[in-house]
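What follows is a set of notes on a single structure, which appears directly below.
The values are calculated or read from the model by the stated rules, or taken from the named source; none is laboratory data. Quantities reported herein were computed from a predicted structural model and do not represent experimental measurements. We place every Cβ from the backbone using ideal geometry, glycine too, and count neighbours over all the protein chains shown. To get the accessible areas, we keep the full protein, side chains included, count just its heavy atoms, and leave off ligands, DNA and RNA. Shrake-Rupley method; radii C 1.70, N 1.55, O 1.52, S 1.80 Å.
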Amino acid sequence: MQHYDVIVIGAGAAGLMCAIEAGKRGRKVLVLDNGKRVGRKILMSGGGRCNFTNMYTSPDNFLSHNRHYCKSALSRYTQWDFLALVQQHQIPYHEKTLGQLFCDNSAKDIVQMLVTEAKAAGVEIALQQHIQQVTKTDAGFIVETPAVNRACTSLVVASGGLSLPNLGATAFGFQLAEQFGLNVLPLRAALVPVTWQPADKAIFEEISGVSLPVTAEANGTVFPEDMLFTHRGLSGPAILQVSSYWQPGDDIEVNLSPETDIHAFLTSQQQSHPEQELKTALAKLLPKRLVEKLLEMQIISNQPLKALNSKSSQTIANRLHGYIFKPNGTEGYRTAEVTLGGVDTNDLSSKTMAAKEQDNLYFIGEVVDVTGWLGGYNFQWAWASGWVAGQYC
Ligand SMILES: Cc1cc2nc3c(=O)[nH]c(=O)nc-3n(C[C@H](O)[C@H](O)[C@H](O)COP(=O)(O)OP(=O)(O)OC[C@H]3O[C@@H](n4cnc5c(N)ncnc54)[C@H](O)[C@@H]3O)c2cc1C
């Protein structure tokens, strides 16, 4: 039987970072992955340019049943540490918006950087490995695949979440956690488009492709970004962000004109252009096709501006500043960027990422109940939790 100091399951962001760090400490490390290539999610992330971190990362950008758990790892391996690595490898990058750092060329640069670092640290990587069983021994763990059984002292689970099953996502990490007595908190697709109720679909699918800056709110959390109408529902960064806070049955409240007070705007338009129609005035603020839909749905009724009184102008403003969508559901793991929930952080050490009640078993990255906002935060959690586990495993 082959023996390793550390076996890492999952050659994604967290697993590779952990393997590199453990390898640098002189540990004999093997990374096992079920796919044909390493870092598949990195390759397709950020539209192929990988939003690899966020300059403003703080624990406030993460959801978890224990909001304090991520603090230690995020402070020990920061966005600046990862950026220093990117700069050391001379990977060109830029800030797109809101502190989000992307590769100038391709996400392949990040995967190549990790592979180069892993090689330098003596890490072995075995792909297309289908793990059948993991068992505990006095000395550590045995990981069984059809071809070979391997033993290790430390086992690191970095097998990610459930999103994009066609990209190799499996429930393996959650099942392994349960096998070893760790609690797994309920899982849910997040950073995911929401879908229309049938009645809304009939109306809004015709304006699929229309996008506008909004603020979107679910359960008290508000995000100011763009919203996109699609054939199936609503998407765009504002909606992906609030989807993490939305629960089935909840509303999403959208301010369709966050920058301009509609009542004040209509009042001033009324003074300067009294004969102008309401739809013409509103089309100066909102996409014309959306205004037409709002008329069709009788959310607003067209009339010359001079016919509006202050009360009716305020009513229109209230409807557009607080438009209520009631999603039918989400598009689910098929298109979600991440999985909410996962291995309960109460069963893990925030200092080492190790299971509290099971020696030498570590959980890192998305498999853990720590989920970032859209904007490079999920990778920063993967790098930070992987780096930390790499110091101890
Ligand atoms: C389309 C898309 C775009 C995204 N863009 C961004 C972005 O720009 N910025 C950002 O911060 N986050 C982004 N994310 C989220 C980010 O990709 C994940 O949070 C991050 O990859 C999690 O890292 P991880 O190492 O925990 O898991 P993963 O990167 O998912 O790696 C897990 C690995 O484990 C392997 N595996 C799974 N099951 C098994 C098994 N049974 N046996 C062996 N191997 C197994 C998988 O094949 C995979 O290689 C995006 C996600 C998606 C889906």
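Confirm whether ALA189 is surrounded by fewer than 18 Cβ atoms within 10 Å (Cβ to Cβ) and among the aliphatic types (A, V, I, L, M).
Details: surrounded by fewer than 18 Cβ atoms within 10 Å (Cβ to Cβ): no; among the aliphatic types (A, V, I, L, M): yes.
Answer is no for this residue.
The single residue among SER349, SER310 that is of a type in the set (Gly, Ala, Ser) and at pLDDT below 95 turns out to be SER310. Candidates in region 355-393 are the residues that are in contact with a strand residue (DSSP E or B) (Cβ under 7 Å, 6 or more places away or on another chain) and more than 21 Å from THR53 (Cα to Cα); of these, the one that is nearest to the ligand (Cβ to nearest atom) is TYR362.
The set of residues from region 1-56 being part of a helix (DSSP H, G or I), near the ligand (Cβ under 6 Å from one of its atoms) and of a type outside the set (A, V, I, L, M) comprises GLY15, ARG40, LYS41, SER45, GLY46. For region 63-94, give me each residue that is open to solvent by 20 Å² or more (accessible area, probe 1.4 Å) and not in a helix (DSSP H, G or I). Listed by number, the residues that qualify are LEU63, SER64, HIS65, ASN66, ARG67, HIS68, THR78, HIS89, GLN90, PRO92, TYR93, HIS94. Restricting region 116-140 to residues that are touching a strand residue (DSSP E or B) at 6+ places or on another chain (Cβ under 9 Å), over 16 Å from ALA158 (Cα atoms) and in contact (Cβ under 8 Å) with a residue 12 or more places away in the chain, which is least open to solvent (accessible area, probe 1.4 Å)? Among those residues, the one meeting the criterion is GLY140. Going through region 338-393 one residue at a time, which ones are open to solvent by 10 Å² or more (accessible area, probe 1.4 Å), within 20 Å of the chain's Cα centre (by Cα) and closer than 24 Å to THR135 by Cα? Those that are open to solvent by 10 Å² or more (accessible area, probe 1.4 Å), within 20 Å of the chain's Cα centre (by Cα) and closer than 24 Å to THR135 by Cα: ASP344, GLU366. A single entry from LYS306, LYS293 fulfils the requirement of being over 22 Å from ALA382 (Cα atoms) and loosely packed, with under 15 Cβ neighbours inside 10 Å: LYS306.
So is ILE42 over 18 Å from the mean Cα position of the chain (by Cα) and open to solvent by less than 20 Å² (accessible area, probe 1.4 Å) or not? Lay out the reasoning, then the answer.
Numbers: over 18 Å from the mean Cα position of the chain (by Cα): no; open to solvent by less than 20 Å² (accessible area, probe 1.4 Å): yes.
For ILE42, the condition - over 18 Å from the mean Cα position of the chain (by Cα) and open to solvent by less than 20 Å² (accessible area, probe 1.4 Å) - is not met.
Put simply, of PHE52, PHE102 the only residue that is closer than 18 Å to TRP381 by Cβ and more than 14 Å from the chain's Cα centre (by Cα) is PHE102.
Among the residues in region 232-248, are any touching a helix residue (DSSP H, G or I) at 6+ places or on another chain (Cβ under 7 Å), open to solvent by less than 60 Å² (accessible area, probe 1.4 Å) and not in a loop (DSSP other than H, G, I, E, B)? No, region 232-248 contains no residue that is touching a helix residue (DSSP H, G or I) at 6+ places or on another chain (Cβ under 7 Å), open to solvent by less than 60 Å² (accessible area, probe 1.4 Å) and not in a loop (DSSP other than H, G, I, E, B).
Is it true that LYS96 is in contact with a strand residue (DSSP E or B) (Cβ under 6 Å, 6 or more places away or on another chain) and touching a residue at least 12 places away in the same chain (Cβ under 8 Å)? The answer is yes for LYS96. Strands (runs of 3 or more DSSP E) fully within region 103-222 that include at least 1 residues being within 16 Å of the ligand (Cβ to nearest atom) and over 25 Å from TRP387 (Cβ atoms): 133-136, 141-144, 149-157, 184-190. Where helices (runs of 4 or more DSSP H) sit wholly within region 277-393, those with at least 1 residues that are aromatic (Phe, Trp, Tyr), assigned by TED's automatic domain parsing to the domain that holds ARG27 and in contact (Cβ under 8 Å) with a residue 40 or more places away in the chain occupy 377-390.
One residue is enough: does region 141-160 have a residue meeting the conditions within 27 Å of the chain's Cα centre (by Cα), surrounded by 14 or more Cβ atoms within 10 Å (Cβ to Cβ) and among the hydroxyl-bearing types (Ser, Thr, Tyr)? Yes, region 141-160 contains at least one residue that is within 27 Å of the chain's Cα centre (by Cα), surrounded by 14 or more Cβ atoms within 10 Å (Cβ to Cβ) and among the hydroxyl-bearing types (Ser, Thr, Tyr).
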